[in-house]
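Since the structure comes first, as structure tokens, the remarks are kept for the end.
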Amino acid sequence: MDLYSLGFLFIFLPLGALTYYLLRGRARGIFLLLLSFLFVALLSPLFLLLMVITVGLDYLLAKPIAYAHPKARAMLFFCVAKDLLLFVVCSSLIELDRLYLPLSISIAAFTSLGYVTDLYHGETDLIEDPVAYGLFCCFFGKLYVGPIVTANEFIPQVEKASLTTDGVRGGMVLLIRGLAKKVILADSLWELILRFQTLSSESPTVLGTWLTIICYILYIYFLLSGFSDMATGTGAIFGLDLPENFHHPLQSSSVTDFFSRFNISANHFVRKYVYQALGAEDNGPLSTSVNILLTTMLMGLWYGIRLNYLVWGAFLGIFIIIEVLYIEKHADLIPAPLCRAYTFVAILISFCWFCGDSLRASAHALQVMFGAGHIPGINSGCLYLLESHWLLLLVSIYFCTGLSAPLHKRFTRQHPDAARIISLTANLLLLATALAYMV
């Protein structure tokens, strides 16, 4: 049972939310934690076991770390080593098809690790309540792709959970939109990618390769942002305010801006605990370059232990180094459309590395994209796929840019009653369409 399953939408979530609303005080937190454990157990008992062990060990070590135990530093090092080892081993086994974990082991582990690190540096208070700590690390809605939250953001919400009609309604809307992103757009784009890949294996073309990479970028965006919207929506239904994790990254005006919009919470995590810890930009150009490159490579490995992901991060890191050291001071002189065009091309090329099965395959795709090897520009098969899926591509490009948001705000401000009716109708149609794709 996943967030995007019928069982979750029509049994698990309604019954869980109704029971949660009927409870009061501490009983709510206990129930929501048990509900989270049940959700994870239904997906993967192994994941539940790993999650409880790693989070439980951090919880037990948090108190001596908070009270400056003589071995607090060693305890913190143990927590860091344990969580990193768990991530590396599980990610490697998943890549080798030796392990199946439907959820991201890094979300719970790194949420807990960030807390223990902040506790060691005196940046947060000790969480003595195991229920609050368990919810902070293990709330089921955010276990797919995040967002990763800090204790200072999350714990006050657990202690004073605020349930409002507007919050629940807004959560349901976000849940529906995230579901639509995943099952309508992302899944449809994946099917189109497979068809383009089949065509390219038989008769590669320049246009077909470009379209495959564009579809892959759109697919990754709608898949990850869909899960993030569903996490935020699910949190709102239970009175929890989770931050936005993807903010129209393809609207970025620089590669640096792209990283600040794409998986925002993971970027904040790596920047705080790696980039800033290494000195950020305070120790000269060489140190800054090394710090940026290490940070972006780690962001690549966030998505799995693969050489392609590492190269993807390094590739974008080179652009960020150039931007930080040389372009930022002259950014006001560069026309905005040129900045956006340069950023899109850099991101597009980078995803050749991200989506490739190997470095050799990615390098070959790049050669084809730029016409090397006497590859034809287009063929009838590519034209057929483009003509039969142009609407999917057009809708995907439109919604990934966020152009609808300012139009919606303007219309809502000028015609509030009509906007409510249209919004309700649109969300119902969106839900019906998503369900039709799921059946």
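The values are calculated or read from the model by the stated rules, or taken from the named source; none is laboratory data. All values derive from a computational prediction rather than experimental measurement. For neighbour counting, all protein chains shown are included, and Cβ atoms are generated from backbone atoms with ideal geometry for every residue, glycine included. Ligands, DNA and RNA are stripped out before the accessible areas are found, and what is left, the full protein with its side chains, is counted by its heavy atoms. Shrake-Rupley method; radii C 1.70, N 1.55, O 1.52, S 1.80 Å.
Can you classify region 311-362 as rounded, prolate or oblate using the Cα gyration tensor, where a ≥ b ≥ c are the square roots of its eigenvalues, rounded means a/c under 1.5, and otherwise it's prolate if a/b beats b/c and oblate if not?
Numbers: a/c = 5.26, a/b = 2.01, b/c = 2.61.
It comes out oblate by the Cα gyration axes.
Compute the orientation-averaged projected area for region 44-114 from the convex hull of its Cα atoms and round it to one decimal in nm².
So the Cα hull casts an average projection of 4.5 nm².
Please list, short to long, the whole-number percent of alpha-carbon pairs of region 179-295 in consecutive 10 angstrom bins beginning at zero.
Using 10 Å bins, I get a P(r) of 13, 29, 29, 21, 8, 0 for region 179-295.
Label region 7-160 by shape, choosing from rounded, prolate and oblate, from the square roots a ≥ b ≥ c of the eigenvalues of the Cα gyration tensor; if a/c is under 1.5 it is rounded, and otherwise prolate applies when a/b is larger than b/c, oblate when it is not.
Oblate, because a/c is 1.5 or more while a/b does not exceed b/c.
If I build a Gaussian network model for the chain, linking alpha-carbon pairs within less than 10 angstrom, which residue out of 49, 278, 394 has the largest mean-square fluctuation?
394
Which order do you get for 342, 115, 384 if you rank them by accessible area with a 1.4 Å probe, largest at the top?
Ranked list, largest accessible area first: 384, 342, 115.
I want to check a number: in the chain, how many lysine pairs have alpha carbons closer than 28 Å, given a sequence separation of 8 or more or different chains?
18
Can you give the Rg and Dmax of the chain based on its C-alpha atoms, in angstrom?
That works out to 22.8, 71 Å for Rg and Dmax.
How much length is gained if the chain between residue 94 and residue 414 is pulled fully straight, taking 0.36 nm per residue apart and subtracting their Cα-Cα distance, in nm to one decimal?
110.1 nm
Tell me the per residue accessible area of the chain using a 1.4 Å probe; a whole number in Å² is fine.
Details: 21120 Å² over 439 residues.
I get 48 Å² per residue for the chain.
Out of the trypsin sites (Lys or Arg not before Pro) in region 90-179, which ones are loop residues according to DSSP with at most 14 other C-beta atoms within 10 Å? Write out the running numbers ahead of the final one.
On the way: sites: 98, 142, 160, 169, 177; in loops: 98, 160.
In loop regions of region 90-179 (DSSP not H, G, I, E or B), the sparsely surrounded trypsin sites (Lys or Arg not before Pro) are 98, 160.
Of the heavy-atom accessible surface of the chain (probe 1.4 angstrom), what whole percent is carbon and sulfur?
67
Could you give me D for region 150-241, from Stokes-Einstein at 4 °C and 1.567 mPa s, where the hydrodynamic radius is the Kirkwood radius over C-alpha pairs? Units µm² s⁻¹, please.
D = 86 µm²/s.
Once a ≥ b ≥ c are taken as the square roots of the eigenvalues of the Cα gyration tensor of region 1-74, is the result rounded (a/c under 1.5), prolate (a/b larger than b/c) or oblate (a/b not larger than b/c)? Walk me through the numbers before you get to the answer.
Numbers: a/c = 4.68, a/b = 1.85, b/c = 2.52.
Oblate is the answer for region 1-74, as a/c is 1.5 or above yet b/c matches or exceeds a/b.
Measuring from centroid to centroid over Cα atoms, what is the spacing of region 186-238 and region 295-352 in Å?
20
Translational D (Stokes-Einstein, µm²/s) of region 282-346 at 25 °C and 0.890 mPa s when Rh comes from the Kirkwood sum over C-alpha pairs?
Approximately 192 µm²/s, per Stokes-Einstein.
Can you give me the relative contact order of the chain as a percent, contacts being Cα pairs under 8 Å and 6 or more apart?
Relative contact order of the chain: 16 percent.
Only loop residues by DSSP count here, and only those with at most 12 other Cβ atoms within 10 Å; note down the GluC sites (Glu not before Pro) in region 72-142 that meet that.
Numbers: sites: 95, 123, 128; in loops: 123, 128.
Hits after loop and neighbour filter: 128.
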